[in-house]
Amino acid sequence: MNTYVRMTEGRKDPDCIFCKIVAGDVPAEFVDESPGAVAFKDINPQAPVHLLVIPREHYGDVSELAATNPQLMAEMVDLAAQVAGDLADGQFRLIFNSGPRAGQSVYHVHGHVLAGADLGWTPA
Ligand code: 5GP
Ligand code: ZN
């Protein structure tokens, strides 16, 4: 168990890998947290700093989160800015892949926080 693990009420998917990370059932390298969200290192980093910011509760994608809980969405953006400032120079790219053609592979909303380099732009 680590300090980032906390019981969450409500929205959970027992088959979701990110719900398992939030619960502490799957290990992850946490770097920061807020009341409703956590930030941890992506297992397959694409930049010097590549973190995932996720809500503790389960929302399938960014549209569902923004429609259901816009305040939590704003909290995730704040957490992304915080970790980009702590681990890089405060400049960052925040990506929410939405749907398989956009590259979404985990259906628990997550913002990719990329920082620490001059980032290129070759999405397709
Ligand atoms: P997506 O493709 O859905 O936008 O992003 C999913 C991200 O989650 C990928 O960048 C992938 O490397 C990361 N990921 C998948 N499984 C795990 C895991 O178990 N632990 C961590 N830390 N990252 C994971
Ligand atoms: Zn989940």
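May I ask you to derive the relative contact order of segment 81-124, considering only C-alpha pairs under 8 Å and at least 6 residues apart, and to give it as an integer percent?
RCO, segment 81-124: 39 percent.
For the chain, which whole-number percentage of the solvent-accessible area (1.4 Å probe, protein heavy atoms only) is attributable to carbon and sulfur atoms?
Percent of accessible area from carbon and sulfur atoms in the chain: 53.
Sequence gap at least 6, Cα distance under 8 Å: using those rules, report the relative contact order of the chain to the nearest whole percent.
Taking the mean separation of contacting Cα pairs over the length of the chain, I get 26 percent.
How big is the Cα convex hull of segment 64-114 in projection, averaged over all directions, in nm²?
With the hull built on Cα positions only, its mean projection is 3.7 nm².
Mind giving me the nanometre distance, one decimal, between the label points for ASP15 and GLN91, set 7 Å out from Cα along Cα→Cβ?
With each label point 7 Å from Cα toward Cβ, the separation is 4.3 nm.
Over segment 1-101, what per residue volume does the convex hull of the Cα atoms give, in whole Å³?
So the per-residue hull volume is 110 Å³.
Residues of the chain: accessible area per residue at 1.4 Å, in Å²?
In whole numbers, the chain has 57 Å² accessible per residue.
Going by alpha carbons, how many degrees (0 to 90, nearest 10) lie between the helix axis of 70-87 and the longest principal axis of the chain?
Result, in degrees: 50.
Once you charge only the Cβ atoms, +1 for Lys and Arg and -1 for Asp and Glu, what is the size of the charge dipole of the chain about its Cα centre, to the nearest 20 debye?
Dipole of the chain, to the nearest 20 debye: 220 debye.
The values are calculated or read from the model by the stated rules, or taken from the named source; none is laboratory data. Quantities reported herein were computed from a predicted structural model and do not represent experimental measurements. So basically every Cβ, Gly included, is an ideal-geometry build from the backbone, and we count neighbours across all protein chains shown. Surface areas here come from the heavy atoms of the whole protein model, side chains and all, with no ligands, DNA or RNA. Shrake-Rupley method; radii C 1.70, N 1.55, O 1.52, S 1.80 Å.
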